[in-house]
Amino acid sequence: MEIWFIILASLCISAALKSLLDLLSFNQKKLPPGPFTVPIIGNFLWIRKSFYDIEIILRNLRTKYGSIIKLQIGSRPSIFIANHELAHKALIHHGATFADRPPALAPNRVISSNQHSISSAAYGPLWRLFRRNLTHEILHPSRIKSYGNARVWVLEILTNKFREQANSGQPVCVMDHFRYAMFCLLVLMCYGEKLDEKIIKDVESVQRKMNTSFGRFSVLAYMPRLGKIVFRKKWNKLY
């Protein structure tokens, strides 16, 4: 037991020293102002917050630090722009400069297949390939038109679900049936097959669990190497 405690304490001290060195190196660069963050402790304070709390936090910090704010979230700083004109200037006039994405944090690499999606890939040949496939293939008018029969099939599924539940005398769960119908269409578009209801429900369940679990997996972004030992069960659940 004492050996495991010594190993764990050594890993924590090493992670704390690394975070301190990273913070000092970042501070040497010219970064926007922001609240002071204590290494390790400051990062863990974000674990208790949801991503949706950032907007409220930024509103409070804007009066003190201005329109460009630095927040230390995870192992690297994040820069937020809280001004319409500056955001337009960054995205439109200097779009090429800010178009790239940083390497994904450890849990995001799992969800995005190591940044192999249009919403996560780094700006370059791979991202341009994804964009071309999306605009010229998936969203092209001729391709959308080709799924006309699939939309008719899904609409029939939706109306049948409504009719069955209404005839049974139960309240009609509109949202559940709409969600199921949309997954029928999306699965058909992705895999080219009309799968049975059980498989559709399984896909829907996994997707919902992933979307509602981002907050619980945020702890995995802090000290990922140490976290794979300390939070082994959470990592297994994410996989």
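Brief remarks on what is shown
- Single match in R132, R151, R163 (criterion: within 20 Å of S119 (Cα to Cα), basic (K, R) and at pLDDT 85 or above): R132
- V187 falls short on exactly one of the conditions (1) in contact with a Cys (Cβ under 9 Å, 6 or more places away or on another chain); (2) closer than 30 Å to R143 by Cβ; (3) part of a helix (DSSP H, G or I), and that condition is (1).
- Criterion (loosely packed, with under 13 Cβ neighbours inside 10 Å and of a type in the set (K, R)) met by exactly one of K64, K70: K64
- Out of R163, R179, one residue alone is of a type in the set (K, R), out of contact with any Pro (no Cβ under 6 Å at 6 or more places or on another chain) and farther than 30 Å from A121 by Cβ. It is R163.
- Selection count where residues are in a helix (DSSP H, G or I), exposed (fewer than 12 other Cβ atoms within 10 Å of the Cβ) and over 30 Å from the mean Cα position of the chain (by Cα), scope segment 161-177: 3
- Output for segment 102-139, where each listed residue is exposed (fewer than 14 other Cβ atoms within 10 Å of the Cβ) and either among the charged types (D, E, K, R) or under 29 Å from N60 (Cβ atoms) (or both): P102, S119, R128, R131, R132, E137
- Test result for P77, in contact with a helix residue (DSSP H, G or I) (Cβ under 8 Å, 6 or more places away or on another chain) and either loosely packed, with under 12 Cβ neighbours inside 10 Å or not basic (K, R) (or both): yes
- Of all residues in segment 182-212, those being within 13 Å of W153 (Cβ to Cβ), free of Cβ contacts under 8 Å to residues at least 24 places away in the same chain and among the charged types (D, E, K, R) number 1.
The values are calculated or read from the model by the stated rules, or taken from the named source; none is laboratory data. From a predicted model like this one, the values you see are computed outputs, not experimental measurements. Glycine also receives a Cβ, built like all others from the backbone with ideal geometry; neighbour counts cover every protein chain displayed.
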